[in-house]
Amino acid sequence: MQTYNKLVRDKIPEIIISNGEKPIFRTLNIKEYKKELEKKLGEEYNEVLNSQNGDRLEELTDMLEVIKCLAEIENSNLEEIIKIAKRKNEKRGSFKNKIYLENVL
């Protein structure tokens, strides 16, 4: 028996069953779900940092899926996040110019 104790994508139990194994799982309540999504975001963040080349896009995709789910908990969606990001970019800019602030005198 292998223990995971973590949030997984919705089709993982089906995949495990199709491999001839038996998944033991439960559905989280909203408080647990939010906490596990936050943990998953940290996990995916670390995977993004440790990935290279094409793998990085896969890990960024996982991170984006977690962000979408967190937005839904806040009664929002990815489109709203993108709108807010655009407004913030208009007001404060993006990170595209690679500006590294060292000091302010």
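Here are a few things to note about the model shown:
- Qualifying residue in segment 88-102 (condition: under 20 Å from the mean Cα position of the chain (by Cα), surrounded by 11 or more Cβ atoms within 10 Å (Cβ to Cβ) and modelled with pLDDT of 95 or more): no
- Matching residues in segment 70-104 - criterion: being out of contact with any Phe, Trp or Tyr (no Cβ under 8 Å at 6 or more places or on another chain) and hydrophobic (A, V, I, L, M, F, W, C): Leu70, Ala71, Leu78, Ile81, Ile82, Ile84, Ala85, Phe95, Ile99, Leu101, Val104
- Within segment 82-104, residues that are in a helix (DSSP H, G or I) have Cβ atoms under 9 Å from residues that are of a type outside the set (Phe, Trp, Tyr) in these pairs: Ile84/Ser76; Ala85/Ser94; Lys88/Ser94, counting only partners at least 6 apart in sequence or on another chain.
- Among all residues of segment 57-80, there is none that is within 17 Å of Asn5 (Cα to Cα), over 11 Å from the mean Cα position of the chain (by Cα) and either surrounded by fewer than 10 Cβ atoms within 10 Å (Cβ to Cβ) or charged (D, E, K, R) (or both).
- Restricting segment 1-15 to residues that are surrounded by 10 or more Cβ atoms within 10 Å (Cβ to Cβ) and of a type in the set (Val, Ile, Thr), the residue that is nearest to the chain's Cα centre (by Cα) is Val8.
- Inside segment 16-52, residues that are more than 21 Å from the chain's Cα centre (by Cα) and either surrounded by 12 or more Cβ atoms within 10 Å (Cβ to Cβ) or closer than 26 Å to Asn75 by Cα (or both) make up a count of 2.
The values are calculated or read from the model by the stated rules, or taken from the named source; none is laboratory data. None of these values were measured; they are calculated from a predicted model. Don't worry about glycine lacking a Cβ; one is built from the backbone with ideal geometry, like all the others, and counts go over all protein chains shown.
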